[in-house]
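Heads up: the structure comes next, in structure tokens.
The values are calculated or read from the model by the stated rules, or taken from the named source; none is laboratory data. Since this is a predicted model, take the numbers as computed values, not measurements. Heads up, the Cβs are rebuilt from the backbone with ideal geometry, glycines too, and the neighbour counts pull from every protein chain shown. Heads up: the accessible areas ignore ligands, DNA and RNA and are worked out on the full protein's heavy atoms, side chains in. Shrake-Rupley method; radii C 1.70, N 1.55, O 1.52, S 1.80 Å.
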Amino acid sequence: MPQTASAAADDWTVPQDWAAYTSAEHALWDRLFARQSQQLVGRAVPAFLQGLDVLHLSRPGIPDFAELSEKLTALTGWSVVSVPGLVPDEVFFEHLAHRRFVAGRFIRRPDQIDYLEEPDVFHDVFGHVPLLSDPVFADYMQAYGEGGLRAVRLGAIKRLARLYWHTVEFGLIRSAEGLRIYGAGIVSSHGESLYALESPKPPRIAFDLRRVMRTRYNIDDYQPAYFVIDRFEDLLRQTLETDFAPLYRALEASPDIEPGEVISADRLIPLDRPSPGGKAP
Ligand SMILES: [Fe+2]
């Protein structure tokens with residue numbers, strides 16, 4: 001998620017400087033990758049698991065963004081660029097709108113293997129890049145970036161950021177076999193990738209665009225509720241077809257909904273109930 005950092009190029013990108021990573025840093029990536037890719041079998045959406053292939057490059061360890069981008073560009077036209085940390089919202093949206101995903105280049109310390117606040121290269125690349133190889137999700141991310149640039153002009157970033165948070169970062173999706181994870185914040189977290197699917201505590205609420213944009217979120221703990229989509233096509237269609245300017249104005253009159261709060265209009269999705277007659281997305 002966007003914020004501030006020291007400026008680099010005009011677009012805030014910096015060289016990844018792959019040669020500067022230590023062997024211990026590469027080993028930590030490999031350890032995180034092995035642990036999490038095993039954990040996600042049967043838990044992540046199939047498109048994510050297939051997309052993990054894009055991260056298998058000619059050398060093990062932290063991916064070289066140049067080689068990664070070459071593979072990704074051939075699939076969906078996306079590339080991965082390196083930034084020094086969190087970047088301003090408009091810069092973030094501008095990159096997304098041009099199919100460039102901004103990724104942090106540092107990797108967490110070994111004592112942060114289970115939790116860190118600022119997104120590192122494992123969160124950004126393992127968490128986000130696999131689904132950028134899915135054509136529909138790739139289009140959604142670009143549409144989100146374009147929507148972000150419009151939201152900057154309309155002063156509505158806060159509401160649009162909630163859409164990103166509750167889908168791209170922490171979304172769940174229904175499949176014929178039951179609920180699956182697609183949000184990057186969940187797939188890159190060893191603890192939350194179990195909690196989100198198995199804990200009886202958090203409600204799983206059917207996705208509704210207006211409702212999601214009214215819903216605040218916590219950044220420092222597991223999510224107290226998750227929003228569930230049926231398929232990526234729905235996210236893309238709603239993002240492309242909704243006229244957000246009047247929606248933002250209408251939402252000004254609607255109170256925020258607290259994290260984890262369930263409202264009467266919510267449709268709750270039981271754990272492990274497959275979508276009716278549905279195909280896996
Ligand atoms: Fe993220």
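Based on protein heavy atoms only, the chain ends up with 45 Å² per residue of surface accessible to a 1.4 Å probe. Does region 87-194 come out rounded, prolate or oblate by the C-alpha gyration tensor, with a ≥ b ≥ c the root eigenvalues, rounded set by a/c under 1.5 and, if not, prolate when a/b is larger than b/c and oblate if not? Here region 87-194 falls in the oblate category.
Counting other C-beta atoms within 10 Å, and keeping those with at most 14, which DSSP coil GluC sites (Glu not before Pro) do you find in region 165-258?
Details: sites: E169, E177, E192, E198, E233, E241, E252; in loops: E177, E252.
Hits after loop and neighbour filter: E177, E252.
Database remark: amide H of A44 closer than 5 angstrom to the amide H of I181 (H placed geometrically; neighbours at sequence offset of 5 or more, or on other chains; Pro and chain starts carry no H).
What the Kirkwood sum gives for region 122-184 is a hydrodynamic radius of 12.7 Å, with every pair of different alpha carbons counted. Heavy-atom accessible area, probed at 1.4 angstrom with all protein chains present, ranks D10, D256 as D10, D256, highest first.
Label separation (T242 vs S23): 5.1 nm, computed from points 7 Å beyond Cα along the C-beta direction. For region 38-67 versus region 193-249, the spacing of their alpha-carbon centroids is 25 Å.
With n ≥ 4 as the cut-off for DSSP H runs, can you work out [θ] at 222 nm for the chain, using -39500 (n - 2.57) per run divided by the number of residues, rounded to the nearest 500? Display every interim value, and only then the final one.
Working: 11 runs with 106 residues, N = 281.
It comes out at -11000 deg cm²/dmol, rounded to the nearest 500.
Using a ≥ b ≥ c from the Cα gyration tensor of region 171-281 (square roots of the eigenvalues), is it rounded, prolate or oblate, where a/c under 1.5 gives rounded and otherwise the larger of a/b and b/c decides, a/b for prolate? Provide the component values of the computation, followed by the final result.
Details: a/c = 1.78, a/b = 1.28, b/c = 1.39.
Oblate, since a/c reaches 1.5 and b/c is not below a/b.
Going by accessible surface with a 1.4 Å probe and the largest first, R59, R211 read R59, R211.
To put it simply, the accessible area of region 178-281 at a 1.4 Å probe is 49 percent carbon and sulfur. Other residues within the sphere of radius under 15 Å centred on the Cβ of L72, judged by their own Cβ, net out at -4 (K and R +1, D and E -1). Here each label is just a point 7 Å from Cα along the line to Cβ, and for V152 and R31 those points are 3.9 nm apart.
Looking at the square roots a ≥ b ≥ c of the eigenvalues of the Cα gyration tensor of the chain, which shape do they give, rounded for a/c under 1.5, prolate if a/b is larger than b/c, or oblate?
Numbers: a/c = 1.62, a/b = 1.24, b/c = 1.31.
The shape class here is oblate.
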